[in-house]
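Trainee: First the structure, which I've put down as structure tokens, then a few questions once you've had a look.
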Amino acid sequence: MGKQFGIKGFISTSLIDWPGKICSVVFLAGCGFRCPACHNSRLVLEPDSMPDYPLMEILNRLSRKDNWIDGVTITGGEPTMREELPRLLRLVRATGVGIKLDTNGSRPDVLQRLVNRGLVDAVFMDIKAPLNQEAYSKVAGTRVNIAAIRQSIEILKKSNLEVVFRTTAIPGLVQEQEIEEILHTLGDVQRFIVQPFRNKETLDPQFSSIPEFDRGRFDGMRDRFEIVPGSSYEARRIARAG
């Protein structure tokens, strides 16, 4: 049954994938992007080389009466590439836990259906780069439909879900100027986080030789750009609104 849904990995307990919650994590195969800095390259390039994880084992874990998991993060790869995703989410929903979806926003039609059907409680969407064709396609490693990305952003901004937009800061590709452009495009959002580039096991092996940002510079980007409760950016935004 795991093969049918493209389940290639499972983490029973995570304290970091859904902030504020204890969650399990399900990894689905396949993605339309080829981000050179991606660290889940086997899920993208060679998912058939990975064993299938049994869905029933996951559902049984979630359904146990002594289970203390708050929710499940469905990630990838890109989950919306899977035609069976709605059915998978319904099966997970039946266990009584919350559902968070990680997505790159490339399939707004699927995202809209999931929102309309109440199959997700939270969506974390990766914004790869400033929303212009050249920059976005370079970071995504393939030609990207920018209109689809913009549509997904608007779907999430209009929803009543927990929504987090996030960008990975990548030396030489996505730095302070690019993050500022992304924030300008996003406009008024509830949460935006900056993630660090890690040069381990990247899809493009050349990216493994790129030095990671030093701690001081990356912390500076987080302090300047992140929109989370108590952040400097959030305080400045509240002050401007007042």
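We did not get these values from a lab; they are worked out from the coordinates using the rules stated. Predicted model, so just to flag it, every value in this text is computed and none were measured. For neighbour counting, all protein chains shown are included, and Cβ atoms are generated from backbone atoms with ideal geometry for every residue, glycine included.
Trainee: Give the order of Lys157, Lys100 when sorted by the count of other beta carbons within 10 angstrom, beginning with the fewest. Working shown, then result.
Mentor: Numbers: Lys157 14, Lys100 24.
Going from least to most buried by this count: Lys157, Lys100.
Trainee: Pick from Arg42, Arg113, Arg82: which residue has the top mean-square fluctuation in a GNM of the chain where Cα pairs under 10 Å get a spring?
Mentor: Comparing Arg42, Arg113, Arg82 in a Gaussian network model of the chain, the most mobile one is Arg113.
Trainee: Next question. With θ taken as phi - 60° and the coefficients 6.51, -1.76 and 1.60, list the Karplus ³J(HN,Hα) couplings across segment 138-144 in order, rounded to whole Hz; mark glycine and proline as x.
Mentor: With the stated coefficients, segment 138-144 comes to 5, 6, 7, x, 6, 5, 10 Hz.
Trainee: Cβ neighbours within 10 Å, averaged per peptide: list 70-79, 218-227, 21-30 in order, most packed at the top. Numbers along the way, then the final one.
Mentor: Working: 70-79: 23.8, 218-227: 16.9, 21-30: 21.4.
The most tightly packed comes first, giving 70-79, 21-30, 218-227.
Trainee: Mind checking the dipole of the chain: about its Cα centre, +1 per Lys or Arg Cβ, -1 per Asp or Glu Cβ, Debye to the nearest 20? Intermediate results must be reported in sequence, preceding the final value.
Mentor: Details: 33 positive and 30 negative charges, 117 e Å.
The dipole of the chain has a size of about 560 debye.
Trainee: Where Rh denotes the Kirkwood radius from the mean inverse Cα pair distance, what is Rg over Rh for the chain?
Mentor: Radius of gyration over Kirkwood radius for the chain works out to 0.96.
Trainee: I want to verify a result. In a Gaussian network model of the chain, Cα cutoff 10 Å, which of these has the top mean-square fluctuation: Asn199, Asn60, Asn104?
Mentor: Asn60
Trainee: Around Glu176, what is the net charge, scoring Lys/Arg as +1 and Asp/Glu as -1 over all other residues with Cβ under 15 Å from its Cβ?
Mentor: Residues close to Glu176 contribute a combined charge of -4.
Trainee: For segment 108-235, taking Cα atoms only, what is the radius of gyration to one decimal and the Dmax to the nearest whole Å?
Mentor: Here Rg and the maximum Cα pair distance are 15.2, 44 Å.
Trainee: Using alpha carbons only, how many degrees (0 to 90, rounded to 10) separate the axis of helix 215-225 from the longest principal axis of the chain?
Mentor: 90
Trainee: For Thr73, what charge total do you get from the other residues with a beta carbon under 10 Å from its beta carbon, if Lys and Arg give +1 and Asp and Glu give -1? Write out the running numbers ahead of the final one.
Mentor: Working: positive: Lys21, Lys100; negative: Asp17, Asp102.
So the environment of Thr73 carries a net charge of 0.
Trainee: Using the Karplus curve 6.51 cos²θ - 1.76 cosθ + 1.60 with θ = phi - 60°, what ³J(HN,Hα) values do you get for each residue of segment 195-200, in whole Hz, with x for Gly and Pro?
Mentor: 9, x, 5, 10, 8, 9
Trainee: Just going by the charge dipole of the chain, with Lys and Arg at +1 and Asp and Glu at -1 on Cβ, which of Ala37, Leu88, Gln177 is farthest out on the positive end?
Mentor: Leu88
Trainee: A further question on this structure: What residues from segment 132-170 fall in the zone where the backbone N is under 20 Å from a label point 7 Å along the Cα-to-C-beta line of Asp70?
Mentor: 160-166
Trainee: Under a GNM of the chain (C-alpha, springs under 10 Å), which listed residue has the highest mean-square fluctuation: Ala140, Ala94, Ala122?
Mentor: Of Ala140, Ala94, Ala122, the most mobile in the Gaussian network model is Ala94.
Trainee: Once both labels are modelled 7 Å past Cα along the beta-carbon direction, what's the Asp204-Ile146 spacing in nm?
Mentor: 1.9
Trainee: Neighbouring Cβ atoms within 10 Å as the yardstick, rank Asp121, Asp204, Asp48 fewest first.
Mentor: Numbers: Asp121 18, Asp204 14, Asp48 8.
Ascending number of Cβ neighbours within 10 Å: Asp48, Asp204, Asp121.
Trainee: Could I ask something else about it? Among Glu84, Glu46, Glu181, rank each residue by its count of other Cβ atoms within 10 Å, from fewest to most, as a rough exposure measure. Intermediate values should be presented prior to the final figure.
Mentor: Numbers: Glu84 13, Glu46 10, Glu181 16.
By the 10 Å Cβ count, ascending: Glu46, Glu84, Glu181.
Trainee: Compute all pairwise cysteine Cβ distances in the chain, then list the cysteines with no distance under 4.7 Å to another cysteine.
Mentor: Unpaired cysteines in the chain: Cys23, Cys31.
Trainee: Okay, moving on. With θ set to phi - 60° and the Karplus curve 6.51 cos²θ - 1.76 cosθ + 1.60, what are the ³J(HN,Hα) couplings of segment 176-186 in order, to the nearest whole Hz, using x for Gly and Pro?
Mentor: Result, rounded to whole Hz: 4, 4, 5, 5, 4, 5, 4, 4, 4, 5, 5.
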